[in-house]
Amino acid sequence: MPPILETLLYIVFVLAALILIVVILLQEGRGGGFGQALGEHAQQTFGVGAQGIHKFTMGVALVFLTVAVILTRGHLGTVGSSVLDATIDQADPLNLGGNAPAGEEPK
């Protein structure tokens, strides 16, 4: 994946996450919500009957998940080595007999 595309996807990912946080906090649930603190106009806009905000939330969530999958798929082939890939010598599993620092005897 080209670096400019990756950077653009990360920017979209972070913006979608921030928008999701704000929009979800503004929506009214059973007990009110952050929209209640903004007054009557916010209640009308982000209230229970507002279908537009729910569609907007679903759209932003879809963008967020799509970008997350694309970024994950883009990094699958670039993984280097893993700690789990290291080979362990069955005769010396703690590596006590080799690779001692210069000037020291192995213990």
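The values are calculated or read from the model by the stated rules, or taken from the named source; none is laboratory data. Given the structure is predicted, the values throughout are model-derived calculations rather than measurements. Here the Cβ positions follow ideal geometry from the backbone for every residue, glycine too, while neighbour counts run over all protein chains shown.
Out of segment 1-18, which residues are in contact (Cβ under 8 Å) with a residue 24 or more places away in the chain and aliphatic (A, V, I, L, M)?
Listed by number, the residues that qualify are M1, L9, V12, A16, A17.
Would you pick out the residues in segment 1-54 that are closer than 15 Å to A68 by Cβ and at pLDDT below 90?
The answer is M1, and nothing else.
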